[in-house]
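Participant: Input: one structure, supplied below.
The values are calculated or read from the model by the stated rules, or taken from the named source; none is laboratory data. Because the structure is a prediction, the values reported are computed rather than measured. Cβ: placed from backbone, ideal geometry, glycine included. Neighbour counts: every protein chain shown.
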Amino acid sequence: MSNTKLQATSQKHLLDELNELRHSKHAILLGHYYANPDVQEVCDYVGDSLGLSREAAKSDADIIVFCGVHFMAETASILAQDKKVLLPALEAKCSLADGITGAQLAAWREANPDYFVISYVNTTAEVKAYTDCCCTSSNALQVVKYYAPDHRLLFAPDRNLGRYIQLQTGIPMKLWDGACHVHNEFTTAVIKAQMRKYPKARVLIHPESAGASDDEIRNDARVFISSTTGMINEAKRCSEPQLLVVTEEGVLYKMQQTVPEKELILVAPTAQCEHMKHATLVNVLECLREEKNEVRVEAELAQSARISIERMLAIG
Ligand code: SF4
């Protein structure tokens, strides 16, 4: 048998076993838009952080295999305490979530006693437990506007998203000095250079990007700044045949499926989160088969952390 045929046969066996196991174990596979395409392909649901939180909360599965990074699996465990949450590779971390610890947030709160804490959902369970309300890039504007009239705000951990929200709303906030190592590379200079190179492209930018807060970029008529889901929706809605995509490259897979006729240009060839690529078909199958790599947030911590997520889900 040729190598190609052999690979196709073992791939088929792998997918057959995965499908058999997910049914017999009553498991659901959730994947982030930044996961490897072949992993996205086998997931029951693919989405951004907000969509994934909602799916985890409403799922009636016994097992959730989370094809994303550690804080996402923790969030699923917080919301679905009765379920076993598995992470195909435990080393899948997040530089943004690692940018603040629970102890650091507790100290920041203590130094600002009258402030209300809004944290991006890209945080550990400990950080969520010291947070008053979470947000994602989909709903950060809404969450900030909702609490601003009655509170002074601390915003953690993403300074880029926080600065962008401040500029869009005019609401002052104290910002934690954290960032995603991937989106932080999309600086004003990088984005502007690509915009000059592709002057007719619609420009879709994730607000975690460092350059999203630049006034010229933010106010440019070609620019649309939004969460990953919002970027995909805009790719479909807009009339431009060429799209400059300023976020992690994994999103191109779903976006190209949504707009196969359009040309997608990634802002930089290095726009890749290595943590998001840890989940492979092989380790997804292994972790489900052996029910290993469980991520479990203990009940007391989960109860504290859950309040901040539920407040967010109630707002939007
Ligand atoms: S892309 Fe950035 S925010 Fe997303 S998981 Fe990777 S490090 Fe974290």
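Participant: Here's a check for you: in the stretch 295-316, which residue that is exposed (fewer than 14 other Cβ atoms within 10 Å of the Cβ) and more than 16 Å from Asp82 (Cα to Cα) is modelled with the highest pLDDT?
Facilitator: Ala314
Participant: Take Glu74 and tell me if it is acidic (Asp, Glu) and under 24 Å from Ser308 (Cα atoms).
Facilitator: Working: acidic (Asp, Glu): yes; under 24 Å from Ser308 (Cα atoms): yes.
It is true that Glu74 is acidic (Asp, Glu) and under 24 Å from Ser308 (Cα atoms).
Participant: Next question, about the same structure. What number of residues within the stretch 195-239 are polar (S, T, N, Q), surrounded by 21 or more Cβ atoms within 10 Å (Cβ to Cβ) and more than 17 Å from Tyr33 (Cα to Cα)?
Facilitator: So the answer is 1.
Participant: Please go through (1) modelled with pLDDT under 95; (2) assigned to a loop (DSSP other than H, G, I, E, B) for Ser53 and return the number of the only condition it doesn't satisfy.
Facilitator: If we test Ser53 against (1) modelled with pLDDT under 95; (2) assigned to a loop (DSSP other than H, G, I, E, B), just (2) comes out false.
Participant: Between a first residue in the stretch 212-230 that is touching a residue at least 12 places away in the same chain (Cβ under 8 Å) and more than 20 Å from Glu248 (Cβ to Cβ) and a second residue that is among the basic types (Lys, Arg) and surrounded by 20 or more Cβ atoms within 10 Å (Cβ to Cβ), which pairs have beta carbons less than 7 Å apart while being 6 or more apart in sequence or on different chains?
Facilitator: Pairs found: Arg222/Arg202.
Participant: Return the residues of the stretch 174-194 that are more than 16 Å from the ligand (Cβ to nearest atom) and surrounded by 21 or more Cβ atoms within 10 Å (Cβ to Cβ); say none if nothing qualifies.
Facilitator: Once the filter is applied, which keeps residues that are more than 16 Å from the ligand (Cβ to nearest atom) and surrounded by 21 or more Cβ atoms within 10 Å (Cβ to Cβ), the stretch 174-194 yields only Ile191.
Participant: Let me ask something else. Among (1) within 16 Å of the ligand (Cβ to nearest atom); (2) within 24 Å of Lys25 (Cα to Cα), where does Lys292 come up short?
Facilitator: (1)
Participant: For the stretch 106-127, indicate whether the set of residues that are of a type in the set (Phe, Trp, Tyr), under 18 Å from the mean Cα position of the chain (by Cα) and within 14 Å of the ligand (Cβ to nearest atom) is non-empty.
Facilitator: Going residue by residue through the stretch 106-127, those that are of a type in the set (Phe, Trp, Tyr) are 108, 115-116, 120.
After this cut, where a residue has to be under 18 Å from the mean Cα position of the chain (by Cα) as well, the list is 120.
Among the residues that remain, those that are also within 14 Å of the ligand (Cβ to nearest atom) are: 120.
Looking for residues that are of a type in the set (Phe, Trp, Tyr), under 18 Å from the mean Cα position of the chain (by Cα) and within 14 Å of the ligand (Cβ to nearest atom), one finds at least one in the stretch 106-127, hence yes.
Participant: I'm trying to understand the selection: among the residues of the stretch 255-285, which are under 17 Å from Gly68 (Cβ atoms) and not hydrophobic (A, V, I, L, M, F, W, C)?
Facilitator: Passing the criteria: Gln272, Glu274, His275, Lys277, His278, Thr280, Asn283.
Participant: Oh, and also: Collect the residues in the stretch 267-289 that are farther than 27 Å from Tyr198 by Cα, near the ligand (Cβ under 10 Å from one of its atoms) and among the hydrophobic types (A, V, I, L, M, F, W, C), keeping them in residue-number order.
Facilitator: Met276
Participant: I've got another one for you. Quick one: what pairs do we get from the stretch 254-283, first residue charged (D, E, K, R), second part of a loop (DSSP other than H, G, I, E, B), C-beta under 7 Å, 6+ apart or different chains?
Facilitator: Taking only residues 6 or more apart or on different chains, the pairs are Lys254/Tyr33; Lys262/Pro241; Glu263/Pro241; Lys277/Asn36.
Participant: A further question follows. Counting only residues that are in a loop (DSSP other than H, G, I, E, B) and in contact (Cβ under 8 Å) with a residue 24 or more places away in the chain, which one in the stretch 147-176 is farthest from Gln104 (Cα to Cα)? Explain how you work it out, then say what you get.
Facilitator: Of all residues in the stretch 147-176, those in a loop (DSSP other than H, G, I, E, B) come to 151, 157, 170-172, 176.
Retained after the next criterion (residues that are in contact (Cβ under 8 Å) with a residue 24 or more places away in the chain): 151, 157, 171, 176.
Numbers: His151: 21, Pro157: 11, Ile171: 24, Trp176: 10 Å.
Checked the stretch 147-176; the qualifying residue farthest from Gln104 (Cα to Cα) is Ile171.
Participant: Among what's in the stretch 244-266 and is crowded, with 23+ Cβ neighbours inside 10 Å and away from the ligand (no atom under 13 Å from the Cβ), pick the residue that is nearest to Ala221 (Cα to Cα).
Facilitator: Leu244
Yes/no per residue for (1) modelled with pLDDT of 95 or more; (2) farther than 27 Å from Ile307 by Cβ; (3) within 14 Å of the chain's Cα centre (by Cα); (4) within 14 Å of the ligand (Cβ to nearest atom):
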{"position": "Glu41", "(1), (2), (3), (4)": "yes, yes, no, no"}
{"position": "Asp48", "(1), (2), (3), (4)": "no, no, yes, yes"}
{"position": "Asp60", "(1), (2), (3), (4)": "no, no, no, no"}
{"position": "Gln81", "(1), (2), (3), (4)": "no, no, no, no"}
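Participant: I would also like to ask the following. So Lys292 ticks every box in (1) in contact (Cβ under 8 Å) with a residue 60 or more places away in the chain; (2) assigned to a helix (DSSP H, G or I); (3) exposed (fewer than 15 other Cβ atoms within 10 Å of the Cβ); (4) not β-branched (Val, Ile, Thr) but one. Which box is left unticked?
Facilitator: (2)
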